[in-house]
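Data first, discussion second: the structure below is written as structure tokens.
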Amino acid sequence: MSKYYVNKFLFTVDRDPELLRRYKEEPRAFVATWEQSIGPRLNDAERSTVHSLTDEEREALIAHDFVKLFEMGAHFFLSLTIYIAIYDEEWMERDGPLSFQRHFAAQLAHWEGKDYPTVAC
């Protein structure tokens, strides 16, 4: 897994409301667009040709599968914050405050007592 590239995706998309909206509405198309045109950017003038997502990473991002991303070593805080941005309002309307955060924790409960996957690149 390219932890760097997955974490770059999570960080970049979470901090841009337009990118977040596109990722929420059309994840498959957006992940492809991000991988080809947004992700390779180092800055306004330079592009990298080194990184790409694996099929497993790509599918986990498309499915918003934060459990799979966590298990592959994506940074848990970056995963939590992006999916709060995507799901919190919907979950709060249904189940009250912090409901998505409780869901996130419950989905990762099988890791209790185990060493978490490393987030080191």
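The values are calculated or read from the model by the stated rules, or taken from the named source; none is laboratory data. Just so it is clear, the model here is predicted, and its values are computed rather than measured. Backbone-built Cβ (ideal geometry, glycine too); neighbour counts: all protein chains shown.
Could you please let me know if Glu71 is surrounded by fewer than 17 Cβ atoms within 10 Å (Cβ to Cβ) and part of a helix (DSSP H, G or I)? So Glu71 passes the test. For the range 94-110, does any single residue satisfy the condition of being in contact with a helix residue (DSSP H, G or I) (Cβ under 9 Å, 6 or more places away or on another chain), modelled with pLDDT of 85 or more, closer than 21 Å to Arg21 by Cα and not acidic (Asp, Glu)? Scanning the range 94-110 turns up no residue that is in contact with a helix residue (DSSP H, G or I) (Cβ under 9 Å, 6 or more places away or on another chain), modelled with pLDDT of 85 or more, closer than 21 Å to Arg21 by Cα and not acidic (Asp, Glu). Quick check on my filter: what residues within the range 61-93 are modelled with pLDDT under 85 and among the charged types (D, E, K, R)? Listed by number, the residues that qualify are Asp88, Glu89, Glu90, Glu93. Among the residues of the range 50-61, some residue qualifies, meaning at least one is closer than 16 Å to Lys3 by Cβ and of a type in the set (Ser, Thr, Tyr). Note on the range 1-44: among residues that are hydroxyl-bearing (Ser, Thr, Tyr) and in contact (Cβ under 8 Å) with a residue 24 or more places away in the chain, the one that is surrounded by the most Cβ atoms within 10 Å (Cβ to Cβ) is Tyr23. The set of residues from the range 45-62 being surrounded by 13 or more Cβ atoms within 10 Å (Cβ to Cβ) and of a type outside the set (Ser, Thr, Tyr) comprises His51, Leu53, Glu56, Glu57, Arg58, Glu59, Ala60, Leu61, Ile62. When the residues of the range 32-59 are filtered to those that are under 20 Å from Asp16 (Cα atoms) and part of a helix (DSSP H, G or I), the one that is nearest to the chain's Cα centre (by Cα) is Arg58.
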